[in-house]
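Read the structure below first, then the notes.
No lab work stands behind these numbers, since they all come straight from the coordinates. Since we're looking at a predicted model, the values are computed, not measured. So basically every Cβ, Gly included, is an ideal-geometry build from the backbone, and we count neighbours across all protein chains shown.
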Amino acid sequence: MAKKGCVITWSNPQAITITGVVDEYADFSGLVSMAQKTLAVDLGGVTRVNSSGIRNWIQTILRNKIQIVLSNCSPVIVDQFSMIPEFIGKSGYVESFYGNFHCASCGYEYAHLFVLGRDVQAGHVRPLIALTQPCPRCPETMDFDHNPDVYFAFLKMVKPRQQAS
Ligand SMILES: [Zn+2]
């Protein structure tokens, strides 16, 4: 039987996708080859994290001076950003992340992909799009399902993306 947990898939030599549970069994040792380099990390499939898994991750990134570019971050990841700024790393960048909208009237739920430079900006905690959106299922409006003051706070620490040289 396949062991559940954290699965790291290389989609190309500079990009990985992490899915599943990032806990004490998550093995990031394969990332040492990316020391001093830039690594794109897709976190869309991460369902749960714990403090041991996050600690492993941060140590691997900082020790190897890996510049990470995070994309498709799920809400469990965004919650970590505000609690543990080191998660993004010293020179890391967040490209995109999900935030949930919810219609209290009909129960419709929608995960919006916030893209930096389009919906939000590095260094700015206020999103560029409205946090109440018309519900596609009923005449009411959907509300943002997170506390925006907390959820977007990490954007203050994200520096504008450096131009690739
Ligand atoms: Zn609705």
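Quick look at the numbers
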quantity	calculated
Positive-end extreme of charge dipole, the range 7-156 - chosen from Trp57, Val76, His112 (charges on Cβ)	Trp57
Length added when fully stretched, Gln59-Met157, from 0.36 nm per residue minus Cα-Cα	33.4 nm
Paramagnetic label zone (point 7 Å from Cα along Cα-to-C-beta, Glu140; backbone N under 16 Å) in the range 73-107	101-107
DSSP bridge orientation in the chain - percent antiparallel, rounded to nearest 5	55
Cα-derived Rg over Rh, computed across the chain with Rh taken as Kirkwood radius	1.00
Range in the chain, longest, excluding exposed trypsin sites (Lys or Arg not before Pro) [loop by DSSP; at most 16 other beta-carbon atoms within 10 Å]	5-36
Free-standing Cys residues across the chain, given no other cysteine C-beta under 4.7 angstrom	Cys6, Cys73
Mean separation of Cα contacts under 8 Å (6+ apart) over length of the range 7-156, as relative contact order %	17
Cα radius of gyration and Dmax for the range 69-165 (Å)	14.2, 50
Computed lengthening from Gln133 to Glu86, 0.36 nm per intervening residue step minus Cα-Cα distance	13.7 nm
Distance between modelled label sites at Trp10 and Val150, nm, 7 Å Cα→Cβ extension	3.9
